[in-house]
1. Please count how many residues of region 239-257 are more than 16 Å from residue 115 (Cα to Cα) and either modelled with pLDDT under 90 or not in a helix (DSSP H, G or I) (or both).
2. In region 45-80, how many residues are farther than 20 Å from residue 306 by Cβ and under 14 Å from the mean Cα position of the chain (by Cα)?
3. Among (1) at pLDDT below 85; (2) within 30 Å of residue 59 (Cα to Cα); (3) in a helix (DSSP H, G or I), which single condition is residue 345 missing?
4. In this structure, is residue 138 surrounded by 19 or more Cβ atoms within 10 Å (Cβ to Cβ) and assigned to a loop (DSSP other than H, G, I, E, B)?
5. Mind listing whichever residues of region 148-175 are in contact with a helix residue (DSSP H, G or I) (Cβ under 6 Å, 6 or more places away or on another chain) and modelled with pLDDT of 85 or more?
6. Could you give me the residue pairs with C-beta distances under 9 Å whose first residue belongs to region 286-311 and is without any contact (Cβ under 8 Å) to a residue 12 or more places away in the chain, whose second residue is part of a helix (DSSP H, G or I) wherever it lies, and which are 6+ apart or on separate chains?
7. So in region 38-60, with the set limited to residues that are surrounded by fewer than 22 Cβ atoms within 10 Å (Cβ to Cβ) and touching a residue at least 60 places away in the same chain (Cβ under 8 Å), which one is nearest to residue 237 (Cα to Cα)?
8. Taking residue 127, is it in contact with a strand residue (DSSP E or B) (Cβ under 9 Å, 6 or more places away or on another chain) and touching a residue at least 60 places away in the same chain (Cβ under 8 Å)?
């Protein structure tokens with residue numbers, strides 16, 4: 001699909017068979033009854049093949065018409081010029097759904113950056129989506145854009161080893177807990193056993209670290225074979241990072257989604273190294289939706305527990321299909337008199353100058369000056385943007401929680 005001057009690539013699977021359908025192959029039409037349409041949006045620097053466990057699962061059901069795209073800047077999609085925001089990527093998604101695919105309504109799954117894009121896409125066109133699933137993502141703000149404390153060591157380890165043979169290990173440790181990666185694979189299928197026999201010594205165990213690394217390499221073959229499009233491009237990745245850091249959906253916008261009639265579901269892992277799991281509780285509270293939290297999972301919770309997550313996704317989509325549609329859902333656009341709110345970092349920087357000036361006038365001690373400045377900035381953030389997160393009972397329940 002071409003949008004203006006850039007191209008967005010997408011893969012489409014339908015008909016109960018797990019294979020990418022060519023564009024010219026006839027797809028289910030709007031008039032065909034019982035067809036469930038789903039669009040998948042991947043995270044930062046990820047491509048559509050990273051949805052492999054979900055694509056394989058849903059493709060077995062002939063009711064599903066599934067589309068997974070490479071967001072701008074990665075995979076087989078172009079890298080347009082200029083600064084990007086999550087709203088720009090959301091416009092790509094809405095244009096794909098409405099203009100290219102011609103879908104009246106569908107279900108949307110967003111992982112990490114894809115979840116941020118899903119929030120923006122559903123804000124601007126709530127009439128297009130029956131349900132939205134948000135996996136390991138956040139609504140922006142201070143809590144969203146700052147790495148959780150426990151994620152800083154693996155983050156530094158990963159980026160310090162980018163040019164070494166251990167780069168993939170560091171990347172995997174950002175996505176999954178080390179305990180999971182170093183544990184044995186539960187089910188070793190024939191293809192994995194064949195690869196292990198070829199690359200491992202006879203006394204080596206087949207661990208999840210080996211399995212996940214092999215999966216990533218296998219998924220990248222498509223882009224290696226394409227030759228003209230590398231899977232990950234530095235410029236596109238940096239622009240996606242910029243979009244993620246400036247992403248912010250304020251409380252009033254989350255309330256708009258809460259009453260929009262869209263069925264939401266939030267999934268997260270409590271050992272997420274990239275997105276603080278407290279964001280999941282905040283999103284579930286703000287959207288008044290079910291929450292699935294795994295105590296021992298990390299950022300890639302949908303890859304860590306594919307069977308459980310897929311079953312939950314299927315149940316959520318089927319519930320949304322049975323739900324009576326809400327009439328009169330209006331499209332939302334910044335041009336319609338609902339501009340995006342000020343980002344909390346901007347508010348903090350603006351408040352910092354007068355707060356520091358007041359603290360210098362009132363307090364002599366450097367430490368007390370710092371405490372007073374931080375207190376004033378925190379109060380301004382609280383008054384302007386509401387609480388950073390809500391206190392939830394999930395924090396007392398480490399096991400998976402599903403709240404209806």
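1. Quick first cut of region 239-257, residues more than 16 Å from residue 115 (Cα to Cα) only: 239, 251-252, 255-256.
Imposing the further condition that a residue be either modelled with pLDDT under 90 or not in a helix (DSSP H, G or I) (or both) reduces the set to 251-252, 255-256.
Residues that pass the stated criteria total 4.
2. Summing the residues that are farther than 20 Å from residue 306 by Cβ and under 14 Å from the mean Cα position of the chain (by Cα) in region 45-80 gives 4.
3. Here residue 345 clears every test but (2).
4. On the way: surrounded by 19 or more Cβ atoms within 10 Å (Cβ to Cβ): yes; assigned to a loop (DSSP other than H, G, I, E, B): yes.
Here the answer is yes, as residue 138 does meet what is asked.
5. Residues satisfying the conditions are 172, 173, 174.
6. Here the result reads 307/53; 307/57; 311/57, each pair linking region 286-311 to a residue that is part of a helix (DSSP H, G or I).
7. Restricting to residues being surrounded by fewer than 22 Cβ atoms within 10 Å (Cβ to Cβ) and touching a residue at least 60 places away in the same chain (Cβ under 8 Å), the top hit is 44.
8. Numbers: in contact with a strand residue (DSSP E or B) (Cβ under 9 Å, 6 or more places away or on another chain): no; touching a residue at least 60 places away in the same chain (Cβ under 8 Å): yes.
No; evaluated as a whole, the condition is false for this residue.
The values are calculated or read from the model by the stated rules, or taken from the named source; none is laboratory data. Model, not experiment: these values are computed from the prediction. Ideal geometry is used to build each Cβ from the backbone, glycine not excepted, and the neighbour counts take in all protein chains shown.
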